[in-house]
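Enquirer: The structure follows.
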Amino acid sequence: MDDSTSLDRGGIQRRAVQGVSWTLIHTVISIPVAFIGTLVVARVLGVVDFGRLAYLTTVMEIVTAVLTAGLGTALVQFGARRHATARYGEVEHLLAISQGFRLVIFAPLLVIAMLLVVDVPTPLMVTAIVFGVLLPGYFGEASSGLAIENKTAADAKIAMLSNLAIQVAVVIAVLMMRQADAVWATRIAAAGLATALALIPLRASYRRAVLRPKLPRRFPPGFWAFAIPTGISLLIAQLVISRTEVVLLEALSTPAAVGIYALAFGVAGNVFAPARAFTGPLIPALSSLSETTDRATMGRAFARTLRASSTVSSLLTAGGIPAIAVLVPVLYGADFASAALPVLVLGCASSIAVASTPVMAFTLARQSARHLLVVNVGALVVNVAAAFLLIPPLGVWGAVLANIAGVLTRLIVLLAGEARALDIRNGAVLRMMVPVVCGIGAAWISWGVAALAPLPAITEAFVCGLVGLAAVFALLRLCRTGIDAHDARVILDGAPRLLVPIARPVIALLTRR
């Protein structure tokens, strides 16, 4: 489709599914790449220094989220609506002033924050500032431009290349310097350099707008009224669902506990990366769709998306979590052996939250920033209260339980709110989540088989994967749940042609009769 043509409902759906498909491909490729990178870094640094790297990375994630969350989301929401109705000049203006805001406001504040809260040697700090802050400050809105155009497939291809380059740079840095601080600076710099790649597939007029920033003025009416509460809400959400417990562990427990929890959280998170692929491409697509369609259509899209994400999450839980958990001591060393069971528990709990991540895309499409803020504040209060109560006596397990409490609080309230807004019964929403329960049950069946029949670690992991997948397919059939025939057609229509022959039999197994 020509860029000069506005997208109809079918075009929006096709681009969304293509974006999800390519993001899934990206994450499937990125999982082993990230796995190998984490493996090398953990083995070279050891438990304590790995915890130091996790602490530095988490602090920077929080600082960046404080300063930048909200602008990008609002830019995509307001820009996608204008792009969908062919108001290209307004999108160009929005990109230019948003880029100017990043350069004039965000970049200096981020530099100051880094100097205040991060304690690393001066050469590493300079590297991180130049390549991780100033450079992305100039190119940063290119990726938002791709989202506005619904070119999330192109964005996923770029992310795939970027991730590979970042992991290679990190591995080289840890092998050469063997210091957590050096690895942190390298990762930030490599990620900053990769932001420029989004300029390549960007529409020419949008590319010029990004490269010619304007003073940040004349934002559309309602832009900041949406951006500010959304930014606060997304920041709080990140504090709830990410590994920010490492900051509290650093203060309330031991350096070794930080390293164990960081590894367990990271390993479980890598397994669920494909399921998270649903959210990014959906946000601009749903924003465009909500501009031109009714609540009934949005309700059908919500049901289809939740069924698909729940089913993907169930497969990853059953086939991936127990298998990788039994391999933790072998892969990462005896010092990390105690992370195995936390990987399983965090993985099973996270599968519920990950399956529902697309729900946030629907909430954002309605521009319901206030509701999202209330949900995330409540979840953060639960998370922090549980952390302060449980980490001192329980250490790593206190952090695990606190994370689960916050994630589940956010999930329940968010699902209930979106079901109410789209006039869907809570019972129907719960039925859409049944595949996740099947996945969790299959994971514990697989773990039990491994415990009852101890084998060499590699063989045990292979058996866990096979048993988990067999169990989840059986449970999905028994419960008559999964995706339906129409969901399957939509997924196959948007999948890359080369993958359709492989995807078709798998999707057939997941399609309920």
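The values are calculated or read from the model by the stated rules, or taken from the named source; none is laboratory data. Being a predicted model, the structure only gives us computed values, none of them experimental. Neighbour counts are summed over all protein chains in view; Cβ atoms, including those assigned to glycine, are modelled from backbone coordinates with ideal geometry.
Enquirer: Do you know which residues across region 43-73 are aliphatic (A, V, I, L, M) and under 21 Å from Val133 (Cβ atoms)? Break it down stepwise before answering.
Expert: First, pick out the residues of region 43-73 that are aliphatic (A, V, I, L, M): 44-45, 47-48, 53-54, 56, 59-60, 62-63, 65-67, 69, 71.
Listed by number, the residues that qualify are Leu53, Ala54, Leu56, Val59, Met60, Ile62, Val63, Ala65, Val66, Leu67, Ala69, Leu71.
Enquirer: Another question about this same structure. Exactly one condition in (1) on the phi < 0 side of the Ramachandran plot; (2) modelled with pLDDT of 85 or more is false for Gly222; which is it?
Expert: Here Gly222 meets the rest and fails (1).
Enquirer: Now for a separate question. Any residue that is over 22 Å from Ser350 (Cβ atoms) and modelled with pLDDT of 70 or more - is there at least one of those in region 256-275?
Expert: yes
Enquirer: Would you call Val47 modelled with pLDDT of 60 or more, β-branched (Val, Ile, Thr), crowded, with 19+ Cβ neighbours inside 10 Å and more than 23 Å from Met360 (Cα to Cα)? Reasoning before the result, please.
Expert: On the way: modelled with pLDDT of 60 or more: yes; β-branched (Val, Ile, Thr): yes; crowded, with 19+ Cβ neighbours inside 10 Å: yes; more than 23 Å from Met360 (Cα to Cα): yes.
Against the criterion (modelled with pLDDT of 60 or more, β-branched (Val, Ile, Thr), crowded, with 19+ Cβ neighbours inside 10 Å and more than 23 Å from Met360 (Cα to Cα)), Val47 qualifies.
Enquirer: Just to confirm my filter: which helices (runs of 4 or more DSSP H) fall fully inside region 62-149 and include at least 1 residues that are within 14 Å of Gly192 (Cα to Cα)? Talk me through it step by step, then tell me what you get.
Expert: Working: elements: 71-84, 88-101, 107-117, 122-129, 135-139, 141-148.
So the answer is 107-117, 122-129, 135-139, 141-148.
Enquirer: Out of Ala308, Ala334, Ala339, Ala303, I need the residue that is buried (at least 20 other Cβ atoms within 10 Å of the Cβ) and either touching a strand residue (DSSP E or B) at 6+ places or on another chain (Cβ under 9 Å) or at pLDDT below 85 (or both). Which one?
Expert: Ala308
Enquirer: Next question. Quick one: in region 18-44, of everything that is among the aliphatic types (A, V, I, L, M) and surrounded by 21 or more Cβ atoms within 10 Å (Cβ to Cβ), which residue is modelled with the lowest pLDDT?
Expert: Among those that are among the aliphatic types (A, V, I, L, M) and surrounded by 21 or more Cβ atoms within 10 Å (Cβ to Cβ), it is Val20.
Enquirer: Would you mind finding the one in Leu249, Leu215, Leu263, Leu234 that is on the phi < 0 side of the Ramachandran plot, surrounded by fewer than 18 Cβ atoms within 10 Å (Cβ to Cβ) and either touching a residue at least 60 places away in the same chain (Cβ under 8 Å) or touching a Phe, Trp or Tyr at 6+ places or on another chain (Cβ under 7 Å) (or both)?
Expert: Leu215
Enquirer: Consider only pairs whose beta carbons are under 9 Å apart and that are at least six residues apart or on different chains; among these, list those whose first residue lies in region 427-445 and is on the phi > 0 side of the Ramachandran plot and whose second residue is of a type outside the set (D, E, K, R) and assigned to a helix (DSSP H, G or I).
Expert: Once the first residue is on the phi > 0 side of the Ramachandran plot and sits in region 427-445, no partner that is of a type outside the set (D, E, K, R) and assigned to a helix (DSSP H, G or I) comes close enough.
Enquirer: On the given criteria, is Ala419 touching a Pro at 6+ places or on another chain (Cβ under 6 Å), of a type in the set (A, V, I, L, M, F, W, C), at pLDDT below 90 and surrounded by 20 or more Cβ atoms within 10 Å (Cβ to Cβ)?
Expert: In short, no.
Enquirer: Among the candidates Leu115, Leu124, Leu134, Leu175, which residue alone is over 21 Å from Ile29 (Cα atoms) and crowded, with 19+ Cβ neighbours inside 10 Å?
Expert: On the way: Leu115 fails: crowded, with 19+ Cβ neighbours inside 10 Å; Leu134 fails: crowded, with 19+ Cβ neighbours inside 10 Å; Leu175 fails: crowded, with 19+ Cβ neighbours inside 10 Å.
Only one candidate passes the filter, namely Leu124.
Enquirer: Then there is this: Pairs, please: C-beta under 7 Å, at least 6 apart or cross-chain, first residue hydroxyl-bearing (Ser, Thr, Tyr) and in region 112-137, second surrounded by 12 or more Cβ atoms within 10 Å (Cβ to Cβ) and at pLDDT 90 or above?
Expert: Matching pairs, first to second residue: Thr127/Ala185.
Enquirer: Looking only at region 278-296, decide whether some residue is at pLDDT 70 or above and more than 22 Å from the chain's Cα centre (by Cα).
Expert: Checked region 278-296: at least one residue is at pLDDT 70 or above and more than 22 Å from the chain's Cα centre (by Cα).
Enquirer: Now, a different point. Identify all residues within region 460-513 that are more than 26 Å from the chain's Cα centre (by Cα), modelled with pLDDT under 75 and not in a helix (DSSP H, G or I); write none if there are none.
Expert: Result: Arg512, Arg513.
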